[in-house]
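The values are calculated or read from the model by the stated rules, or taken from the named source; none is laboratory data. Predicted model only: the values in this text are computed from it and were never measured. So basically every Cβ, Gly included, is an ideal-geometry build from the backbone, and we count neighbours across all protein chains shown. Ligands, DNA and RNA are excluded from the accessible area calculation, which covers all protein heavy atoms including side chains. Shrake-Rupley method; radii C 1.70, N 1.55, O 1.52, S 1.80 Å.
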Amino acid sequence: MESLSDTTLAALHLLFSGNRELWEIIAISFRVSGVAILVATPPALMVAFILTYKRFPGRRLLISINSTFLSVPAVVVGLTFFILLSRQGPLGEWKLLFTQTAMVLGQITLAFPILVAMGHSALQASDIRAWETSRTLGANPLRALFTVMREARFGLMAALLAAFGRIIAEVGASMMLGGNILHYTRNIPTAIALESSKGEFAQGIALGLVLLTLAFSLNALLQHIQGKGQPAT
Amino acid sequence: MSDRPILDVSALTKRFAKRALLDSVDISLHRGECVLLTGGNGAGKTTLLRILSGLERPDSCGISIAADTPRSWRRCRHDLHNRILYLHQHPYMFDGSVRYNLGYALPSGLNKPLKRRLIDAAIEWAELGHLHDTPAKSLSGGERQRVSLARARLRNPQILLLDEPTANLDQEARQRTLDLLNSFKEQGIALLLASHDPLHFSSLIDRHIHLYEGRLIAIEEEKLMSMPSPNNETALRSTA
């Protein structure tokens with residue numbers, strides 16, 4: 001077995017030599033998770049808004065159910081969709097199993113409760129007068145909604161980054177729904193799992209470095225955004 | 001002041017738990033009229049203003065706008081939003097400059113030069129010239145009040161509801177606010193002011209009503225001047 005330093009050097013070489021296979025895996029990861037976030041964000045923020053601003057029977061139950069989904073393991077989400085999308089499953093006719101679309105579906109399911117929970121917190125922390133002032137100044141409900149979102153944008157951006165960070169690093173759902181097919185559904189986490197099982201640590205570490213850099217960048221961005229959102233003293 | 005009210009609300013009731021905060025309240029407002037609404041803490045002044053502006057749902061009431069057939073609050077809600085503007089006790093400033101906040105009150109379809117002209121006129125009207133690019137959230141209480149009034153001017157409502165518009169303002173800021181309110185009145189806009197202190201508004205008001213145990217009581221001018229406090233129970237009971 002190679003030493004850790006040798007493996008890390010090999011990993012850096014792979015990254016900076018522009019290894020096509022490696023960068024393709026990275027691109028697939030970003031594409032799938034990017035699409036999942038883009039699709040999940042609008043309805044999730046709408047749900048967060050309704051939970052914050054509307055009072056209706058069952059509201060608290062919905063909040064509890066959403067919080068429960070926060071702790072569902074990715075592999076359980078993967079298994080559920082696997083059963084639904086497999087040939088004998090109720091959605092088998094769609095022939096989506098082992099496609100990027102199936103991976104997107106799994107990641108949307110994982111991102112949605114995070115976006116709802118953090119979006120709900122961000123909107124709860126914002127001032128109700130933003131909505132009321134907007135409405136009394138003649139804004140229709142849609143414009144008032146966008147105004148409230150704009151006022152709470154730092155908290156909502158944090159929700160988006162947290163959800164993206166969660167789904168781009170998950171392995172369970174991507175492995176079960178994508179099948180880890182090279183050039184098609186192999187993303188960073190599934191590639192790391194595969195290379196590690198083969199004893200090929202260089203590519204795994206290179207991809208791990210990408211995830212680590214991404215995590216650092218997202219956190220730095222989050223800190224920056226939250227800092228901007230703090231009131232001046 | 002015209003004879004026909006621009007807003008006529010009858011039998012307005014609002015309950016919290018089992019207590020009737022507003023108990024079959026009747027209230028009307030005429031064009032260019034300034035009405036002072038007083039009442040103790042928790043009497044329901046703010047709730048009444050919020051219901052009239054369409055922000056809070058009453059349990060029941062009939063509303064007639066511009067001498068129209070009385071309708072339920074739910075059916076009138078859109079009209080209430082369009083014709084009535086409610087100003088919070090502490091006006092909310094959107095994240096952005098004073099200019100952005102003023103522009104918010106204008107219809108989004110306006111062309112840019114016209115929008116700029118209208119905002120400039122409102123800035124001049126409220127004497128905010130030195131603040132137009134300042135972040136609105138950093139303004140003092142008095143400046144926020146002037147921005148909110150300038151915003152109201154751009155919105156051009158028929159009725160303006162103000163919740164404690166001079167609370168926590170120093171004398172100069174209070175006088176400026178009163179001057180701006182007077183100019184609304186001169187334009188024919190009806191004002192309903194909720195306040196603890198009737199004496200601040202004596203030069204402005206045409207009528208004084210007091211909210212007491214869920215009901216509105218008309219206060220006569222002489223009693224108003226002789227009353228040391230709007231919470232004077234004896235005076236109120238005799239008025240009722």
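May I ask you to list the residues in region A:185-212 that are outside any helix (DSSP H, G or I) and of a type in the set (D, E, K, R)?
Residues satisfying the conditions are A:R186, A:E200.
Counting just the residues of region A:55-82 that are outside any helix (DSSP H, G or I) and not hydrophobic (A, V, I, L, M, F, W, C), which one comes out nearest to A:I128 (Cα to Cα)?
Filtering region A:55-82 for residues that are outside any helix (DSSP H, G or I) and not hydrophobic (A, V, I, L, M, F, W, C), the one nearest to A:I128 (Cα to Cα) comes out as A:R55.
Among the numbered criteria (1) surrounded by 18 or more Cβ atoms within 10 Å (Cβ to Cβ); (2) of a type in the set (F, W, Y); (3) out of contact with any Leu (no Cβ under 6 Å at 6 or more places or on another chain), which single criterion is violated by A:F81?
(3)
I'd like the residue in region A:133-152 that is in contact with a helix residue (DSSP H, G or I) (Cβ under 8 Å, 6 or more places away or on another chain) and farther than 19 Å from B:I84 by Cα and, out of all such residues, is farthest from the other protein chains (Cβ to nearest Cβ).
Among residues in region A:133-152 that are in contact with a helix residue (DSSP H, G or I) (Cβ under 8 Å, 6 or more places away or on another chain) and farther than 19 Å from B:I84 by Cα, the one farthest from the other protein chains (Cβ to nearest Cβ) is A:L145.
Test A:G165 against the stated conditions and say whether it is assigned to a helix (DSSP H, G or I) and within 26 Å of A:A40 (Cα to Cα).
Here the answer is yes, as A:G165 does meet what is asked.
In region B:123-137, what residues are on the phi < 0 side of the Ramachandran plot and either open to solvent by 60 Å² or more (accessible area, probe 1.4 Å) or away from chain A (no Cβ under 13 Å) (or both)?
Residues satisfying the conditions are B:I123, B:E124, B:W125, B:A126, B:L128, B:G129, B:H130, B:L131, B:H132, B:D133, B:P135, B:K137.
What's the number of the only condition in (1) touching a Phe, Trp or Tyr at 6+ places or on another chain (Cβ under 8 Å); (2) open to solvent by 40 Å² or more (accessible area, probe 1.4 Å); (3) not small (G, A, S) that B:I63 fails to meet?
(2)
Residues in region B:77-121 that are among the small types (G, A, S), within 8 Å of chain A (Cβ to nearest Cβ) and assigned to a helix (DSSP H, G or I): how many?
0
Sort out for me the strands (runs of 3 or more DSSP E) sitting completely within region B:1-51 that have 2 or more residues that are more than 20 Å from B:R74 (Cα to Cα) and in contact with a strand residue (DSSP E or B) (Cβ under 6 Å, 6 or more places away or on another chain).
Result: B:34-39.
Which ones in region B:77-105 are open to solvent by 10 Å² or more (accessible area, probe 1.4 Å) and of a type in the set (S, T, N, Q)?
Within region B:77-105, B:N82, B:Q89, B:S97 qualify.
Give all pairs with beta carbons closer than 8 Å in which a residue from region A:1-20 that is under 12 Å from A:F201 (Cα atoms) meets a residue that is open to solvent by 70 Å² or more (accessible area, probe 1.4 Å) and of a type outside the set (F, W, Y); count only pairs at least 6 apart in sequence or on separate chains.
Correct list of pairs: A:A10/A:E2.
Residues of region A:185-221 being open to solvent by less than 10 Å² (accessible area, probe 1.4 Å), among the β-branched types (V, I, T) and in contact with a Leu (Cβ under 9 Å, 6 or more places away or on another chain), which ones?
Within region A:185-221, A:T185, A:I188 meet the criteria.
Which residue is surrounded by the most Cβ atoms within 10 Å (Cβ to Cβ), if the candidates are limited to region B:148-168 and must be within 9 Å of the chain's Cα centre (by Cα) and within 16 Å of A:G138 (Cα to Cα)?
The residue in question is B:L161.
Residues in region A:114-132 that are open to solvent by 10 Å² or more (accessible area, probe 1.4 Å) and within 8 Å of chain B (Cβ to nearest Cβ): how many?
Number of matching residues: 3.
Which one of these does B:G141 not meet: (1) surrounded by fewer than 18 Cβ atoms within 10 Å (Cβ to Cβ); (2) within 14 Å of chain A (Cβ to nearest Cβ)?
With (1) surrounded by fewer than 18 Cβ atoms within 10 Å (Cβ to Cβ); (2) within 14 Å of chain A (Cβ to nearest Cβ) applied to B:G141, the lone miss is (2).
Can you find a residue that is open to solvent by 20 Å² or more (accessible area, probe 1.4 Å), basic (K, R) and at positive phi anywhere in region A:85-97?
yes
Return only the number of the condition from (1) surrounded by fewer than 23 Cβ atoms within 10 Å (Cβ to Cβ); (2) more than 14 Å from every other protein chain (Cβ to nearest Cβ); (3) not in a loop (DSSP other than H, G, I, E, B) that A:L182 does not satisfy.
With respect to (1) surrounded by fewer than 23 Cβ atoms within 10 Å (Cβ to Cβ); (2) more than 14 Å from every other protein chain (Cβ to nearest Cβ); (3) not in a loop (DSSP other than H, G, I, E, B), A:L182 is out only on (3).
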